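The values are calculated or read from the model by the stated rules, or taken from the named source; none is laboratory data. Nothing here was measured: the structure is a model prediction, and the numbers come from that model. Here Cβ is always computed from backbone atoms with ideal geometry, including for glycine, and neighbour counts include all displayed protein chains.
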Amino acid sequence: MRTKFFRLSFVLIFVHIYSFGQSGDMARINGARYIPLYGRDSTVVEVKDFDLDKYPVTNEQYMDFVRKYPEWQKSKAKKIFADGMYLRNWKNDFELNDDAKLNSPVTYVSWFAAKAYCDCMGKRLPTMDEWEYAAMADETVKDARIKKSYNEKILSWYEAPRSNENYIGQNPKNYWGVYDLHGLVWEWTSDFNSVLLSGESRKDQETDNNLFCGSASLGATDLMNYAAFMRYAFRGSIKANYAIKNLGFRCAKDIETP
């Protein structure tokens, strides 16, 4: 009887510890040192453990947000923080266009709006290195970047029309239990334009500006580099107040130490 009691106690303790590390709507990403692709092959980046939303933020969730924080409603958002495309697929402050869906990812949101949402949820936008680290996993391994099938799937999605209108969670979850990092919409990161910063700002030996030179694209010959080059180039071409059809976001969170 005592043995059964101790076994049950051990199971309950394990479940408690695991559930503490995994909130219902977030996945725990165990950090590591890794080399991001494209153009910074000699730079090792360290990502610390963090939590990441399992799904991108939906139209329905964002609608709840603007009800609570009216300064981010479609009719009231300041143009300096969100351009004229902000929430373009909404009829008004609280109603979607007929072809938009509540359970689809919210898009046409600026970086300022995405940051405000995460801040108000007690979270934050993931850094670019965190996002790339989590997104290099496929369904079975942490780093699938050398797999031809993984990169072909990403590139085929880049060419797919209107994927932003799909429901969240239809793509398989990756190794970490995160859905839709690829295959649905592009996503804001906190430092989305850091590829344009000086090398010193990113603690690198060299600047990343060469990503946008003609020679850079010639170096992106294999699928692995080309997929990453597309993401870096896209991030470097946008501004914080832009609201774009296929650009959404999800939130991250630092791990609280007991």
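Figures for the structure shown
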read-out: Pairs, first under 11 Å from Asp83 (Cβ atoms) in the range 225-243, second modelled with pLDDT of 85 or more and assigned to a helix (DSSP H, G or I), C-beta under 7 Å, six or more apart; value: Ala240/Trp111; Ala240/Phe112; Asn241/Phe112
read-out: Val57 being hydrophobic (A, V, I, L, M, F, W, C) and in contact with an Asp or Glu (Cβ under 9 Å, 6 or more places away or on another chain); value: no
read-out: Among the residues listed as Trp176, Trp157, the single one being more than 22 Å from Glu60 (Cβ to Cβ), surrounded by fewer than 17 Cβ atoms within 10 Å (Cβ to Cβ) and in contact with a helix residue (DSSP H, G or I) (Cβ under 7 Å, 6 or more places away or on another chain); value: Trp157
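The rows are residues; the columns are (1) crowded, with 17+ Cβ neighbours inside 10 Å; (2) assigned to a loop (DSSP other than H, G, I, E, B).
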residue	(1), (2)
Lys48	no, yes
Val66	yes, no
Glu71	no, no
Ala77	yes, yes
Ile80	no, yes
Asp98	no, yes
Val109	yes, yes
Ala116	yes, no
